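Working notes for the structure below.
No value in this document is a laboratory result; all are computed from the given coordinates. On a predicted model such as this, the values are computed, not experimentally measured, just so you know. Cβ: placed from backbone, ideal geometry, glycine included. Neighbour counts: every protein chain shown.
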Amino acid sequence: MSEDVLEDSSAPLVEHLIELRQRLVRALIAVAIFFVICFIFADQIFDILVIPYERASAEGAELKLIYTAPQEYFFVQLKIALFGAFFIAFPVIATQIYKFVAPGLYKNEKSAFLPFLVATPVLFIMGACLVFFVVMPLAMGFFLSMQSSGENTRATIELLPKVSEYLGLIMTLIFAFGFVFQLPVAISLLVKAGLVTEKGLKSKRKYAVVMAFIAAAVLTPPDPISQLGLAIPTLLLYEISIIAARLIEKKRAEQEAERDREDEANS
């Protein structure tokens with residue numbers, strides 16, 4: 001093979017790498033801009049994240065969080081800024097991914113890919129809202145119920161959460177629920193690729209139940225409310241995925257039947 005042929009074959013790869021670098025740079029610039037903005041408003045964002053704790057506390061109770069190292073709250077602010085930056089910049093990141101992949105897709109593949117691109121952030125936000133409005137207040141209520149005024153015990157037992165541990169708890173739950181809520185998207189893509197079928201999903205239902213509770217035990221704190229709060233929606237999402245698989249297979253069968261009728265008409 002001549003050097004000219006080698007150069008021609010390597011040119012598209014170089015062009016793709018250059019485009020990939022450009023897409024990554026744009027995504028990182030968006031994350032950096034939103035990181036600065038979120039860092040400026042880190043206190044206000046943390047006040048929002050404390051709302052579930054406030055709802056779980058007794059009405060009129062003073063909310064108190066502590067930090068035990070001089071640099072602890074500063075690093076908490078950095079984590080909040082990074083968390084908020086990725087959350088807000090996700091549409092930009094997803095758009096750059098789509099623009100990089102889109103030229104290699106057919107028209108029908110582009111139309112099939114777009115709904116998944118839209119569904120991904122919507123499902124993630126749904127998972128985050130479930131944490132914020134339901135799971136986290138219930139979990140904090142469970143933890144607060146363990147306090148003791150000292151009447152029946154030798155010592156007063158009071159919950160004084162560290163800011164870093166509280167932030168770590170709510171961020172872990174938001175990411176865990178957000179990623180688990182991507183289950184219908186992931187399974188639908190596998191069905192479209194022909195790697196998974198509705199029949200196969202139904203036959204693996206009992207294993208899905210076990211895996212859901214294992215994932216809940218690993219991804220959430222060791223309290224029953226958080227674990228059940230993740231396991232039950234996971235099982236519901238699995239059932240929704242089975243319905244989605246049925247619809248995809250039905251549509252595929254209709255398209256194949258229509259294609260066969262066209263082939264017969266043309267022959």
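Observations, loosely collected:
- Radius of gyration over Kirkwood radius for the range 166-241, both on Cα atoms: the Rg/Rh ratio is 1.02.
- Electrostatic dipole magnitude of the chain [Cβ: Lys, Arg +1; Asp, Glu -1; Cα centre; debye, to 20]: 580
- Largest-first principal axis extents of the Cα set of the chain (Å): 89, 48, 32
- Calculated P(r) of the range 88-221 - Cα pairs past 19 Å, %: 66
- The amide H of I66, built 1.01 Å from its N in the peptide plane, has K162, V163 as neighbours under 5 Å, considering only residues 5 or more places off or on other chains.
- Relative contact order [Cα under 8 Å, 6+ residues apart], the chain, whole percent: 20
- Among S149, S164, sorting on how many other beta-carbon atoms sit within 10 Å of each Cβ, with the fewest leading, yields S149, S164.
- Centroid-to-centroid separation of the range 80-99 and the range 201-267 [C-alpha atoms, Å]: 27
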